[in-house]
Amino acid sequence: MSLVVESIAKRFERFPALNGVSFNAPRDTFVALLGPSGSGKTTLLRILGGLEFPDEGSVRFADLDWLSLPARERRAGFVFQNYALFRHMTVAQNVAFGLSVRPRRQRPSRNAIARRVEELLTLVQLEGLGKRYPSQLSGGQCQRVALARALAIEPRILLLDEPFGALDAKVRKELRVWLRALHERLGLTTIFVTHDQEEAFALADLVVIMNKGKIEQCGTPEEVRNAPKTKFVAEFLSSAAP
Amino acid sequence: MKKPPRRSTEDHPLVRVVLSIVAIGFIGLFLVLPLTMVFSQALSRGLGVTLAAIEEPDALAAVRLTLLAAAIAVPLNALFGISASWAITKFDFRGKGFLTTLIDLPFSVSPVVSGLIYVLIFGLQGWLGPTLREWDIKVIFALPGIVLATMFVTFPFIARELIPLMTDQGREEEEAAASLGASGLRTFLRITLPNIKWGLLYGVLLCNARAMGEFGAVSVVSGHIRGLTNTMPLHVEVLYNDYQFVGAFAVASLLALLAIVTLTLKSFLEWHFAEEIAAAHHH
């Protein structure tokens, strides 16, 4: 299931957020959208998730005209920067949500849902926390609940918006390793947004560097690091180097 | 002898005392005293007379009409308030600012004016007057007019309560629900509504208190027919103008009691569900 993004343009009221963005990602790649804030990377992710619609361009994914599908039919597991957990529901109810809102015929039985929730909580290493509310969890735990919730719908693609943005450096590194391992195990096309180049290079198979609504360079971490295509990429990479 | 250092936010004790006295004095003079006077006047000739004044048929009819009008107006306004605040906070569209301003209109227009507008539209000489007469529908000087006037005056309450709350909560949870496959209706019932239920309840309680107490707009459209189109506030005025002070104050006390019950209920809910309410406001 390869992803083909072609000439996406999106204007907000005053400024263009995306200005003709195209890239391809072969199946099951881990893609990082990297760029400074305001570069349009989150807008692009939201377009892929069906939360925003472009003015021009097309997206093909899994042999589907991806943009013609509404968000709820895309089965795109979206993880929000601030997690967006349902605060009035327990962890288990959060994770079960995607399954419990399926139309009756496709909805698993109560027991099957409960089993699936247990599996997912084990997968994200939160066994036994199903009865807690989001307000009783740490940031890293919330992050993993959000991921489990997104995985529950058996997503065709995983979209992560600054997945580690709100976490401290130590938790961030742990989760990073864990997320990469999870990606290998599940074999999903995963796209994540970040402004942290270290994170992008450590995780991704394909790095897409964005600036002011345009793609500056798209390649493997080695390609980008060894041969920056534009002045912006070279400067961006050197500016944030530790 | 050295004084202990004061905290920066702490004012001179004298300032605190003066401020407290001013606040308490104000509340006493303008809230508690008048309310006490209403009750004491109502009971001035004994409880028996007071109760008799309330059980009088015209008074009972006024109570019934007030409750009926509120029972129709408040749910309709709740429906309107929810849809308006949902539209305003969860979607982007042209004229959004205008709609928000429009919702505040009843707060800035005198209730008498809004009553008159309904007379001009639905009255016998009004815009729709002839049509309504043909169909034999009475709006002005009847229940529909009273309900319309009440709704107009009270419709900002629920929307005003919900818009800031829903703006604060943002759209992310709804977006998450959509990406997990939930339809619009399911998202509303399972995500939006539970998140706003406390705000909604406050709005409904305040709206109800105001709906039962509305005088100006209702006064214009009701026609003051005793036992038929007099609501409680109107009945109080009629009795007062007839020099039936005990009766007037008895009905007024009942009205005040309804308001007090409403506010007590609100405080009780706030106290009882403090934790859950706090959680609903924060991520």
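Some notes on this structure:
- Single match in B:A259, B:A274, B:A252, B:A280 (criterion: more than 14 Å from B:I146 (Cβ to Cβ), of a type in the set (A, V, I, L, M, F, W, C), in contact with a Pro (Cβ under 9 Å, 6 or more places away or on another chain) and at pLDDT below 90): B:A280
- Residue in segment B:126-144 that is surrounded by 23 or more Cβ atoms within 10 Å (Cβ to Cβ) and among the hydroxyl-bearing types (S, T, Y) present: no
- Odd one out for B:A176 among (1) within 14 Å of another protein chain (Cβ to nearest Cβ); (2) open to solvent by 10 Å² or more (accessible area, probe 1.4 Å): (2)
- Evaluated against (1) among the hydrophobic types (A, V, I, L, M, F, W, C); (2) over 30 Å from A:F80 (Cα atoms); (3) touching a residue at least 24 places away in the same chain (Cβ under 8 Å), B:L201 falls short on exactly one condition, (2).
- Pair list, Cβ < 7 Å and 6+ apart or interchain, from segment A:133-150 residues that are without any contact (Cβ under 8 Å) to a residue 40 or more places away in the chain to residues that are assigned to a helix (DSSP H, G or I) and surrounded by fewer than 24 Cβ atoms within 10 Å (Cβ to Cβ): A:G140/A:V171; A:G140/A:L175
- Answer from B:L102, B:L116 - the residue that is closer than 30 Å to B:I191 by Cβ, surrounded by fewer than 21 Cβ atoms within 10 Å (Cβ to Cβ) and away from every other protein chain (no Cβ under 14 Å): B:L102
- Just one of (1) within 14 Å of another protein chain (Cβ to nearest Cβ); (2) of a type in the set (G, A, S); (3) open to solvent by 50 Å² or more (accessible area, probe 1.4 Å) fails for A:S2. It is (1).
- Qualifying positions in segment A:5-60 - more than 10 Å from A:M210 (Cβ to Cβ), β-branched (V, I, T) and touching a helix residue (DSSP H, G or I) at 6+ places or on another chain (Cβ under 9 Å): A:V5, A:I8, A:I47, A:V59
- Flag if A:G98 is within 30 Å of A:R172 (Cβ to Cβ), facing chain B (nearest Cβ under 10 Å), in contact with a helix residue (DSSP H, G or I) (Cβ under 8 Å, 6 or more places away or on another chain) and in a strand (DSSP E or B): no
- Scan of segment A:63-95 for residues that are part of a helix (DSSP H, G or I), surrounded by fewer than 20 Cβ atoms within 10 Å (Cβ to Cβ) and touching a Phe, Trp or Tyr at 6+ places or on another chain (Cβ under 9 Å), ordered by number: A:L67, A:Q93
- Residue count for segment A:152-168, restricted to those that are within 11 Å of chain B (Cβ to nearest Cβ), open to solvent by 10 Å² or more (accessible area, probe 1.4 Å) and either under 19 Å from A:R116 (Cα atoms) or free of Cβ contacts under 8 Å to residues at least 12 places away in the same chain (or both): 2.
- Residue within segment B:163-171 that is over 20 Å from the mean Cα position of the chain (by Cα), within 14 Å of chain A (Cβ to nearest Cβ), touching a residue at least 12 places away in the same chain (Cβ under 8 Å) and not in a helix (DSSP H, G or I) present: yes
- Out of A:A227, A:A204, sole residue that is out of contact with any Leu (no Cβ under 7 Å at 6 or more places or on another chain) and more than 20 Å from A:G77 (Cβ to Cβ): A:A227
- Residue check for A:A76: facing another protein chain (nearest Cβ under 9 Å), among the aliphatic types (A, V, I, L, M), touching a strand residue (DSSP E or B) at 6+ places or on another chain (Cβ under 6 Å) and within 24 Å of A:I191 (Cβ to Cβ): yes
The values are calculated or read from the model by the stated rules, or taken from the named source; none is laboratory data. Fair warning: this is a prediction, and the values are worked out from it, not measured in the lab. Note that we place each Cβ from the backbone using ideal geometry, even for glycine, and neighbour counts take in every protein chain shown. Remember, those area values only see protein heavy atoms, side chains included, never the ligands or the DNA or RNA. Shrake-Rupley method; radii C 1.70, N 1.55, O 1.52, S 1.80 Å.
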